[in-house]
Structures are given as structure tokens and as C-alpha cells.
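Take a look at the structure below.
Laboratory data are not the source of any read-out in this text; all were calculated from the coordinates shown. These numbers were taken from a predicted model, which means no experiment stands behind them. So basically every Cβ, Gly included, is an ideal-geometry build from the backbone, and we count neighbours across all protein chains shown.
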Amino acid sequence: METLELFVRIGIYTLMALVLVFALGVVTLRNLFHCALCLAAVLIGTAMLYVGLRADFLAAVQILIYVGAVMTLVIFVIMLTEHLGEKSIRQNNRQSPAAVISLSGIVVLLAALLLRTPWPVTDKALQAKASVMALGKALMGTYAFPFEVISVILIACLIGAIAIAKKDLPGEDVS
Amino acid sequence: MNILESLKYFIPELVLLGGAFFVLGVDLFIKSKRTIGLLSLFVLVLTAALLKAPAQPLPLFYGMFQLDAFAHFFRYFALAAVAFTLLMAYSYAPLKGPYEGEFYGLFLFMAFALILVAGANNLLMIFLSVEFVSMISYLLVGFLKKDAKSKEAAIKYLLFGSMASAVMLYGMSLLYGASGSLALPAVGNALFFAPFKTLAHVSVLFFFVGLGFKISMAPFHMWAPDVYEGAPTPVTAFLTVAPKALGFAVFMRVLAMVFTPSWAHWSVLLTALSILTMTLGNLTALSQNNIKRFLAYSSIAQAGYILMGLAVFSDLGRQGVLVYLLAYLFTNLGAFAVVTLIGEQTGSEDLAAYAGLSQRSPMAAAFLTVFLVSLAGIPPLAGFIGKYYVFAAAIQAKFITLTVVAAVNSVIAAYYYFRIVRLMYLVPASGPALAPAPRPLFITLGLMFAGVLLLGLFPAFFLGLIWR
């Protein structure tokens with residue numbers, strides 16, 4: 001049992017490290033297409049972390065929506081846009097070193113904070129398993145209001161996005 | 001309170017939401033966009049008429065929407081800001097086009113979003129509603145498709161805004177981790193215990209970033225001038241007032257419900273940021289040549305004064321913030337209504353277009369003078385009442401440095417506001433007389449003028465309404 005736990009631990013940390021490496025790839029690689037592939041890897045890695053945290057449903061949704069739909073769309077856009085996939089684009093500028101230094105400072109401070117805080121981790125919380133049924137009940141019960149609000153947000157954004165992205169037809173230029 | 005019970009207190013908002021969909025639907029069949037605009041205004045007025053003050057705080061929808069006197073005030077505030085903006089946009093030519101109806105519809109959604117912000121009492125709802133307001137703001141800023149500046153402003157706003165939201169979201173995740181709850185009162189209770197003190201000190205900083213961005217607090221103000229300059233003028237007017245005011249509302253709620261125990265900690269920081277914001281805004285405003293950029297920096301400086309009330313956070317300070325926001329609503333919308341008018345008629349947003357305005361359009365010059373004097377905080381206008389209360393709060397709480405710096409800043413501000421008044425009255429005109437204002441714009445100007453004057457002359461009446 002002890003060794004098993006050790007292996008799980010090593011596995012999780014390796015996974016986290018991999019996600020971080022790919023995330024760095026997203027913001028440093030020069031080829032947009034490679035960046036998109038790295039992003040897909042990050043999203044898959046996060047989904048695997050969710051499985052490790054017993055959030056199976058969230059993991060499935062993550063794969064389905066982010067990897068399946070969003071990333072496919074992103075890659076399509078890159079492939080369809082003229083030569084965007086072959087160009088090499090610089091992702092850093094003169095301010096990058098300063099940003100890296102200050103960010104590392106923040107990361108160190110946050111790490112200190114996270115390690116010092118006595119997080120209220122209970123056995124009950126650790127054993128909790130979010131079933132799809134419970135999730136559905138919560139969405140239609142306590143969280144019905146935010147759930148509905150999200151749908152309003154989405155439709156408002158959709159209408160607005162179409163209004164500013166759509167090409168003017170020649171006939172309806174000025175009314 | 002469960003959902004069915006809550007619905008009967010939520011009827012005005014449902015009418016507003018239904019109205020938004022109705023307007024967008026009708027827009028498909030009606031050619032005359034003016035009708036759509038009038039219909040939108042009617043929806044707003046109807047919603048305002050249906051609003052009822054809650055007898056006691058009501059935690060609607062399992063506490064997702066906290067309907068209390070505070071939220072009630074901001075409901076009126078949001079509806080008024082949207083209604084006046086629509087009136088201002090009604091005669092704004094660049095928006096005329098196939099998507100004018102969508103513009104009005106989006107503003108109705110915006111009103112709904114602002115009301116959600118006012119009642120958000122839960123980390124999830126705060127994030128959702130603030131993002132709702134931001135998303136629609138990005139869209140409205142970029143609404144002028146053929147204008148490169150408008151598009152650039154929208155992209156800048158989107159990038160900065162998403163970053164600020166992400167930082168705030170991280171802060172929320174810390175709070176949720178510590179308390180295991182999303183409701184602000186529960187989070188506040190959890191943070192009360194000593195082991196979580198450091199966490200509270202740090203997570204309040206994350207809120208400073210996210211909400212500071214919304215209220216254009218320095219050093220998170222760098223988006224404001226570009227966005228305000230690029231956006232369609234009525235949208236600029238709206239952005240300087242409503243999202244900012246609601247940002248202050250949710251900021252006040254978060255600070256009051258969650259971070260009161262660490263007041264001594266963040267109050268110092270907020271004092272420093274308040275000083276930084278007003279000084280930066282005022283000093284940069286001095287050298288602006290574009291009226292919209294000028295008012296943008298002036299609005300950053302105004303945010304600095306309002307932050308005084310937050311830094312003090314006494315009862316008087318919090319009431320001062322509300323009074324200031326109300327005064328600011330009338331004053332800034334009024335000033336931007338004049339900018340819309342002049343921009344329409346001269347096609348220019350340069351300060352040079354205002355030279356000799358008193359001869360070209362005496363009415364516009366007189367109105368703008370009143371609004372600028374109110375922004376400078378000179379009695380008997382609304383701006384004075386707002387400034388009076390935040391200064392009083394700072395003095396009462398013995399924030400002497402803050403008061404002195406704010407006073408010096410007010411003098412600098414008065415200098416540049418009067419520079420424009422001088423430009424309008426003492427510099428000879430460079431062009432022919434301007435045509436009179438279109439009627440909707442004239443009505444807006446009149447209403448804002450009345451608001452500025454009445455709030456200045458009869459503050460007791462308004463204070464009674466706000467502080468009930």
C-alpha cells in the first residue's frame with residue numbers, strides 16, 4: 001500500500017511538471033501551430049489531474065469541450081489562415097526579463113503562502129465523489145440562478161459577437 | 001430563499017431581460033431603428049417603475065442575489081445610466097447602420113448585468129456578473145466596425161480585462177480553498193481565524209487587481225485612455241460611469257463582508273493607491289489635447305477621490321462613496337453629452353474644436369462649463385457635495401495626509417477644468433456657429449444639468465433617498 005501511494009504521488013507530480021512544461025511551450029514557442037498543440041497537451045494533462053482528484057465528470061467535459069471542440073477549432077483557424085501555421089513569431093520583447101523576474105518573485109511568495117496556510121482538508125472532503133447526478137441536482141437547485149445567468153451571458157455575447165464580426169452586406173450599408 | 005419564492009422579488013429584472021430579448025426579436029422585423037431605441041427606453045422605464053425597495057435584506061435564489069438597500073440603490077443607478085446613455089446614443093450618427101438595433105439590445109443586457117453585479121453576494125456570482133459586464137463592454141467598445149481606433153480599443157480592453165479577471169479568479173480560488181464556501185458571509189467568517197490572516201492579506205490584493213481594473217485605479221488604469229478614446233462617445237460616457245460605479249459597489253461589498261478584519265492592512269495600501277490614482281490622473285490630464293482622453297484622465301482622478309471613501313471605510317466614507325457616484329453619474333454623462341454634440345457637429349475631438357465655443361454654440365458652452373465646474377467640485381453643484389462627503393470622512397477618520405494630497409489635487413484639477421472654460425469663453429472662435437442640439441441629446445443635457453443642480457442645491461433630499 002505504501003509503495004502504491006508513493007507511485008501515485010510520483011505520477012501526479014510528473015504529470016503536473018509535464019503540464020507546466022507544455023504550458024511554457026504555449027507561451028515561448030515561435031510557431032503558432034506548435035503552440036496550439038502544446039495547449040492541447042496542457043488541457044489533456046489538466047483533465048488527467050482532474051481524474052486524479054476524483055472529478056471524473058469534469059475531466060470528461062474538459063476533454064470533450066476543450067480538447068475536442070475548442071482546440072480543433074483553434075487548429076482549423078490556424079490552418080485556414082494564410083501561412084499563419086508556418087510563420088515564426090517572437091513571443092518575447094524587451095520587457096520579458098523584467099516580467100520573468102517579478103513573476104518568479106510572486107510565485108515564491110505565493111508558494112510560501114500556500115505552504116503556510118492550514119488548509120481545512122478533512123477526510124470527508126477527500127473521500128467526496130461528485131457524481132453526475134449530484135452535479136445535475138446542484139445545477140438545477142442551488143446553482144440554478146448562476147446556471148441561467150451563464151446562458152444569458154452566452155447569448156448576449158453571441159449576438160454582440162455576430163454584430164461586430166459580420167460583414168456588411170452591400171445593400172444594407174447605411175439605412 | 002428558494003427559486004419559486006425568489007421569483008416574485010425578481011420580476012423587474014425578468015421584465016428587463018424579457019424586454020432585451022423582445023427588442024432584439026422585434027429588431028428583425030422593424031425597419032425604423034428609432035422605434036427600437038424608444039422601445040428600449042420604455043423597457044428601462046417600465047423596469048424602474050416596477051422596482052420595489054425590500055423591507056429587509058432578501059437572499060434571493062439561495063443567496064445568489066442579495067436584494068438589500070445597497071443593491072436597490074444601484075439598481076436605480078444602473079437603469080438610469082443605461083437610459084441616459086441610450087438617449088445620448090439616439091442621435092449619434094456613427095452608430096446608425098444595420099446593427100443599431102443590436103446596440104440597443106446589448107445595452108438592455110448591460111443593464112441586467114449591472115443589476116446582477118449590484119446584488120452579487122457570492123464569489124461565483126461576483127465573477128459571473130463582473131465578466132458579463134466586461135464582455136458586453138468589450139463588444140460595445142468595438143461596435144464601430146469601420147473605425148480602426150474602436151477595434152484597437154476593444155482588443156486592448158479585452159486583453160487587459162481578461163488578465164485582471166484571471167488574477168481576481170485566482171484570489172477567489174484561495175478564498176474558496178480556505179473557507180470551502182462561495183458565499184461572502186461564510187468566507188468572511190472563515191477568514192476571521194488567525195491562521196488565515198496571511199491568506200486574507202494576500203487574497204485582498206488579488207481583488208484589488210481585478211476590481212481595481214474595473215474602477216481604473218492606478219496602477220491598473222493604463223487601458224482607460226485608449227479605450228475611452230477609441231470607443232463610440234456615448235459608450236465612453238457609459239463606461240466612465242456605470243461599470244465603474246458598479247465596480248465600486250462590488251468592491252465595497254467584498255471589503256465589508258470578507259476583509260473587514262484586515263482593514264488596518266489594506267486601508268494603508270488603498271490610501272496610497274488613492275493618492276497615486278488621483279495624482280497620476282490629474283498630472284496626465286494637464287497635457288491632453290483630445291477631449292476624450294482629457295476626460296478619461298479626469299475620470300481616473302475622480303476614481304482616486306472616490307477611493308478615499310473606501311480607504312477610510314467608516315460609515316460616512318461608504319455613504320460618501322454613494323453620494324459621489326451619484327454626483328459623478330450626472331456630471332460625467334453631462335460632460336460627455338456635450339462632447340458627443342461637438343464631436344458630431346465639428347467632426348473633431350481635439351480641444352482646439354472648443355476654442356470660442358461660447359460664440360459658436362452658447363448653450364453647449366454653458367452646459368459644459370456647469371459640468372466642468374461640478375467636476376472641479378465647486379459649490380453649489382453636485383460635484384461639491386460628493387467631494388464634501390469623502391473629504392469629511394477622511395478628516396473624521398484622521399487620514400490627514402490623504403486629505404492634504406486630495407486638496408492639492410483638487411486645485412490642480414480646478415486649473416485644468418478652468419483651462420477648458422477659458423478656451424471656450426476667452427479664445428476667439430475659429431468656425432461658424434453650430435446647429436442646435438438634436439432633441440434627444442438636448443433632453444439628456446437638460447436632465448443631467450437638472451441632476452447636477454438639484455443634487456447640489458438640495459442634497460438632503462437625495463441623501464435621504466440614498467441612505468435610507
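In square nanometres, what is one fourth of the surface area of the convex hull spanned by the alpha carbons of chain A?
Values: hull surface 68.1 nm².
For chain A, averaging the hull's shadow over all directions gives 17.0 nm².
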Evaluated at q = 0.10, 0.12, 0.22, 0.24 Å⁻¹: base-10 log I(q)/I(0), Debye formula over Cα of region A:90-175: -0.75, -0.92, -1.01, -1.10
Residues with amide H under 5 Å from that of B:Asn290, placed H, sequence gap 5 or more: B:Leu351
Residues of type lysines that A:Lys167 reaches as a straight line, Cα spacing below 30 Å, ignoring anything fewer than 8 places off in the same chain: A:Lys87, B:Lys31, B:Lys33, B:Lys96, B:Lys145, B:Lys146, B:Lys149, B:Lys151, B:Lys156, B:Lys292
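What do you get for Rg/Rh of chain B when both radii come from the Cα atoms and Rh is the Kirkwood radius? Walk me through the numbers on the way to the answer.
Working: Rg = 21.3 Å, Rh = 22.3 Å.
Rounded to two decimals, Rg over Rh is 0.96.
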Selection from A:Ala99, A:Ser88, A:Ser151, by position along the positive dipole direction of chain A (Cβ): A:Ala99
Sorted largest first, extent of the protein assembly as shown alpha carbons per principal axis (Å): 89, 63, 56
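Magnitude of the Cβ-charge dipole of region A:2-121, K/R +1 and D/E -1, about the Cα centre, nearest 20 debye?
On the way: 7 positive and 5 negative charges, 80 e Å.
In total the dipole reaches around 380 debye.
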Gap separating the Cα centres of region B:353-424 and region B:1-52, nearest whole Å: 37 Å
Charge dipole (the protein assembly as shown, unit charges on Cβ, about Cα centre) - positive-most of B:Leu453, A:Leu113, B:Ala120: B:Leu453
Sites A:Leu139 and B:Asn289, calculated FRET efficiency, Cβ-Cβ separation with R0 45 Å, nearest 0.05: 0.25
Among A:Ile159, A:Ile150, A:Ile75: highest mean-square fluctuation, GNM of chain A, C-alpha pairs under 10 Å: A:Ile159
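Treating the beta-carbon of each Lys and Arg as +1 and of each Asp and Glu as -1, no other charges, what is the dipole magnitude of the protein assembly as shown about its Cα centre, to the nearest 20 debye?
Values: 38 positive and 25 negative charges, 145 e Å.
About 700 debye.
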Sorted by Cβ density within 10 Å, fewest first, the residues B:Ser361, B:Ser162, A:Ser104: A:Ser104, B:Ser162, B:Ser361
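Compute the relative contact order of region B:1-258 as a whole-number percentage, counting only Cα pairs closer than 8 Å that sit 6 or more residues apart in sequence.
Details: 347 pairs, mean separation 52.2, N = 258.
That works out to 20 percent.
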Karplus-derived 3J(HN,Hα), 6.51/-1.76/1.60, for each residue of region B:9-26, Hz, glycine and proline x: 8, 10, 4, x, 5, 5, 4, 4, 5, x, x, 4, 5, 4, 4, 5, x, 5
Taking region A:39-175 and dividing mean pair separation by its residue count, relative contact order in percent (alpha carbons under 8 Å, at least six apart): 20 percent
Under-5 Å amide H pairs with B:Leu381, H placed in peptide plane, nonlocal only: none
In order through region B:35-40: 3J(HN,Hα) via Karplus (6.51 cos²θ - 1.76 cosθ + 1.60), integer Hz, x for Gly, Pro: 4, 4, x, 5, 4, 4
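In Å³ and rounded to a whole number, note down the convex hull volume per residue for the Cα atoms of region B:104-202. Numbers along the way, then the final one.
Numbers: hull volume 8.4 nm³, N = 99.
Cα-based convex hull of region B:104-202, divided per residue, equals 85 Å³.
With each run of n ≥ 4 DSSP H residues scored as -39500 (n - 2.57), what mean residue ellipticity at 222 nm is computed for chain B after dividing by its residue count and rounding to the nearest 500 deg cm²/dmol?
Numbers: 21 runs with 359 residues, N = 468.
Per the formula, -25500 deg cm²/dmol.
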Nearest-20 debye value, chain B charge dipole, Cβ charges on Lys, Arg, Asp, Glu: 360 debye
3J(HN,Hα) from dihedral phi, region B:236-250, Karplus parametrisation 6.51/-1.76/1.60, rounded to Hz, x for glycine, proline: 4, 3, 5, 5, 6, 10, 6, x, 5, 4, 6, x, 5, 4, 6
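Other chains near B:122-129: what is the mean number of their Cβ atoms within 10 Å of each residue's Cβ? Don't skip to the end; give the middle numbers.
Numbers: counts 2, 0, 5, 3, 0, 1, 7, 3.
Per residue, the average neighbour count from other chains is 3.
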Cβ-based charge dipole, the protein assembly as shown, positive-most Cα from B:Thr277, B:Phe143, A:Gly52: B:Thr277
Set of lysines near B:Lys8 by C-alpha distance (under 21 Å), chain-local residues within fewer than 8 positions excluded: B:Lys52
Anchor B:Lys214: aspartates and glutamates whose Cα lies under 14 Å away (excluding residues fewer than 8 positions away in-chain): B:Glu131
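For chain B, what's the relative contact order in percent, using C-alpha pairs closer than 8 Å and at least 6 residues apart?
Relative contact order comes out at 14 percent.
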Cut-off under 5 Å, modelled amide H: who pairs with B:His221 long-range: none
Rounded D (µm²/s) - region B:1-258, Kirkwood Rh over Cα pairs, Stokes-Einstein at 4 °C, 1.567 mPa s: 68 µm²/s
Rounded tilt (10° steps) of A:71-80 against the dominant C-alpha axis of chain A: 30 degrees
Ratio of the Cα radius of gyration of region B:263-468 to 2.2 N^0.38 Å, where N counts its residues: 1.04
Estimated distance in nm for a label pair at B:Leu457 and A:Ala130, the labels positioned 7 Å out from Cα along Cα-to-Cβ: 5.8 nm
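Where does each of B:Tyr305, B:Tyr92, B:Tyr76, B:Tyr99 land when they are ranked from fewest to most other beta-carbon atoms within 10 angstrom? It would help to have the intermediate numbers written out before the result.
Details: B:Tyr305 27, B:Tyr92 21, B:Tyr76 17, B:Tyr99 24.
Placing the least packed residue first, the sequence is B:Tyr76, B:Tyr92, B:Tyr99, B:Tyr305.
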